[in-house]
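Below is one structure; the comments refer to it alone.
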Amino acid sequence: MEPKPLPENFRSVQPGGGVCYRMELAWGVWRRWRLTHFRPGYVRQMAECRRGSAEGAPHDILDPRDLKFCRNQCTCDWDAADDPFAWRERLPFARWGLAELQIMGWPLLAVTILLMVLLWPTYYCALAVVPGVLLGLVIYFFRDPPRRVPEEAGLVVSPADGKIAEITRLDRDEFIGGPAVRIGIFLSIFNVHLNRAPVESRVIELRYHPGEFLNALRPESAWRNENTWIGLEEESPPHRRLVVRQISGQFARRIVCNLRPGETVSRGHKFGMIKLGSRTELILPDSEKLKIDVQVGQKVEAGATVMARWQ
């Protein structure tokens, strides 16, 4: 199946925008100005080793940092060996959450230290626990622990961390073209919120649907909330199609998906995240050869837990 171009409303890897998003874009404007005026040699070096085209990007692509929010708008990239910021992928935190960690983390740390210094040794210094706990939650939320992705053929791994909220058989799914199984995963604020590819597959179509922000535990949130729909097709025969949906929650209002139509991703590949409590759905073609390996109420880990297998 031929990949479809991005829809008009999918103008960023985080199409829902956000305050931190706008702050990071503003920082990028200043950073690119500084590089252009004070480090022209670096800019030329990055341009020489860049692959693909920056056509379609909303701003100049001077180095890999400029692709963070517009990777899906162009085709350019850098090899890991030429990327001076590849080390960020080795940090134990989600790269899409590094800005939030800075913007929220440092003020919370400053308030915690300030309260302890000003109120010590009175018992009022216990007030420092409040911003300290909030700081811990922010750091914990954006963590990115390593995962061992199973390599056995025919496996479908979980696209998200969380708890299985539903397993529903559908008479027909339009994209899959026949009967399907929908597996819903609820993510609380304590789960890792990175999303991973369930199988080695090619990205066929992406859709962004603005919507409401109902509690992700409510069944109607699956179709009423803001969400990103991702249509995939297996690379190897029989080229089965499947769908992953990233669905916002009551507090999770920022969906990130950096996939490009037509690109191929490996099983367990990190392609995005949902910031705060939310829901992720996996829709698979149903057949006698499909065996579901999870059940409602079971906890799963993205890229590691086997959700289903084709026998």
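Packing around the peptides 64-75, 46-57, taken as the average count of other Cβ atoms within 10 Å per residue, puts them in this order, highest first: 64-75, 46-57. For region 155-242, the convex hull drawn through the C-alpha positions has a volume of 112 cubic angstrom per residue. Sorting 199-208, 184-193, 287-296 by average packing, meaning the other beta carbons within 10 Å per residue, from highest down gives 184-193, 199-208, 287-296.
A full extension of the chain between W87 and A110 corresponds to an added length of 5.6 nm, given 0.36 nm per residue minus the alpha carbon distance. Once the chain from E174 to W223 is taken as fully extended at 0.36 nm per residue, the excess over their C-alpha distance is 16.1 nm.
With equal scatterers on the alpha carbons only and no solvent term, can you work out the Debye log10 of I(q)/I(0) for region 155-310 at 0.09, 0.10, 0.11, 0.17 1/Å? Each listed q corresponds, in turn, to -0.23, -0.29, -0.36, -0.91. Note on E151 and E263: the model spin-label points, each 7 Å out from Cα along the C-beta direction, lie 2.4 nm apart. Based on C-alpha pairs under 8 angstrom that are at least 6 apart in sequence, region 24-81 has a relative contact order of 33 percent.
How much mean residue ellipticity at 222 nm does the chain get from its helices, if each DSSP H run of length 4 or more adds -39500 (n - 2.57) and you divide by all residues, to the nearest 500 deg cm²/dmol? Per the formula, -7000 deg cm²/dmol.
What number, in percent, do you get for the relative contact order of the chain if the mean sequence gap of Cα pairs under 8 Å and at least 6 apart is divided by its residue count? Reported as a whole number, the value is 21 percent.
Rounded to the nearest 20, the size of the Cβ-charge dipole of the chain about its Cα centre is 660 debye, with Lys and Arg at +1 and Asp and Glu at -1. Distance between the pseudo-spin-label points of E166 and W33 (7 Å out from Cα toward the beta carbon): 4.9 nm. Give me log10 I(q)/I(0) at q = 0.12, 0.14, 0.15, 0.22 Å⁻¹ for region 33-119, Debye formula, one equal scatterer per alpha-carbon, no solvent. For the requested q values the scattering log ratios are -0.51, -0.64, -0.70, -1.13.
Computed from the coordinates by the stated procedures, all read-outs in this text should not be read as laboratory data. These figures come from a predicted structure and were not determined experimentally. Neighbour counts run over all protein chains shown; Cβ positions are idealised from the backbone, glycine included.
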